[in-house]
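The structure appears below as structure tokens.
Where a number appears in this text, it was derived from the coordinates with a stated rule and is not lab data. Computed from a prediction, not measured in an experiment: that's the story for all the values here. Cβ: placed from backbone, ideal geometry, glycine included. Neighbour counts: every protein chain shown.
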């Protein structure tokens, strides 16, 4: 029986990101989660991903073959209502491909209660750089009050018409600006402006559940479900190094510990082997001495 919840991610533009995605999929599979998982990508990338992942049981694919640019790749997360199977799901969580699951994300869906988008609060909308949509807010209102912005690496929402409408409006504004060559920081300013200006987001709830650039030790201690490796958009090799380092630390920290009884049994077994080797060596030495005499 299929889950009523869906995790999805996107993989376009750079082939390196198929390697990045392997970390996300493998970490998700290791949690043993029963939540459905969807990869939105091209046909070519789908083939690569299938060749690189050992276990794709339950992983679905949604293909589009004309998203080539970095800008298109970034806004592809808003296409989810184009997925033919979306009506089968009540709640959905998007996560960037350069992320790592710490534990089963199923409880995260309990946090999605209202007909809004649950996001990760970060930065400030009137910050001098355009990361959080400064020019869009000030164009709307030159006296727009400053407040916390949102990061676009995670989104949780119900599959309701109001969210679909919000995504369509955000995409339309994004592409209009893209074609006029005025984009200043990919999709994130537009998500900030449309989600915040329409009072359609909660930027607090997910702060306890996910975080960017957190150490493996801290992520485990704080009970995170997912860690995102922010920064350097489009630089897949940088992400791979960060993920590789995190994976090594995470595996070391979560490696099953041997208890004292198991240690004693191991030591006893090794002592037996050493004694057997000593006896065999003594017999060989005795045999060699006989031959020499």
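Determine, for each peptide in 29-42, 166-179, the mean count of other beta carbons within 10 angstrom over its residues, then list the peptides with the highest first.
On the way: 29-42: 19.2, 166-179: 16.3.
The most tightly packed comes first, giving 29-42, 166-179.
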* Asked: Which value in nm describes the separation of the simple spin-label points at residue 218 and residue 81, placed 7 Å from the Cα toward the beta carbon?
  -> 3.6
* Asked: Against the longest alpha carbon principal axis of the chain, how many degrees, from 0 to 90 and to the nearest 10, is the axis of helix 188-197 turned?
  -> 60
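Once every DSSP H run of n ≥ 4 in the chain is given -39500 (n - 2.57) and the sum is divided by its residues, what mean residue ellipticity at 222 nm do you get, rounded to the nearest 500 deg cm²/dmol? Can you show the working numbers first?
On the way: 9 runs with 125 residues, N = 293.
Result for the chain, helices only: -13500 deg cm²/dmol.
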* Expressed in nm to one decimal, what extension gain is obtained for the pair residue 126 and residue 69 from 0.36 nm per residue of sequence separation less their Cα-Cα distance? -> 17.8 nm
* Structure fact -> Reduced to Cα centres, the span from region 12-50 to region 179-221 in Å works out to 21
* Reported label for calculated mean projected area of the Cα convex hull in nm² given [x] 22.3; [y] 14.7; [z] 18.5 -> [x]
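How would you rank 72-82, 118-128, highest first, on the average number of other Cβ atoms within 10 Å across their residues? Please list the in-between numbers first.
Numbers: 72-82: 20.5, 118-128: 18.3.
So the peptides 72-82, 118-128, ranked by packing, come out 72-82, 118-128.
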* To do: Specify the angular offset, from 0 to 90 degrees and rounded to the nearest 10, of the alpha carbon long axis of helix 236-254 from the longest principal axis of the alpha carbons in the chain.
  => 50
* Structure fact -> Extension length gain for residue 241 and residue 165 (0.36 nm per residue less Cα distance), in nm, is 23.6 nm
* Structure fact -> The helix 43-52 Cα axis meets the longest alpha-carbon principal axis of the chain at an angle in degrees, between 0 and 90 and rounded to 10, of 20
* Quick one: of the DSSP bridges fully inside the chain, what percent are antiparallel, nearest 5? -> 40
* Asked: In whole angstrom, how far apart do the alpha carbon centroids of region 116-165 and region 233-254 sit?
  -> 28
* Asked: Say each of residue 197 and residue 267 gets a label point 7 Å from the Cα, pointing the same way as Cα to Cβ; how far apart are those two points in nm?
  -> 6.9
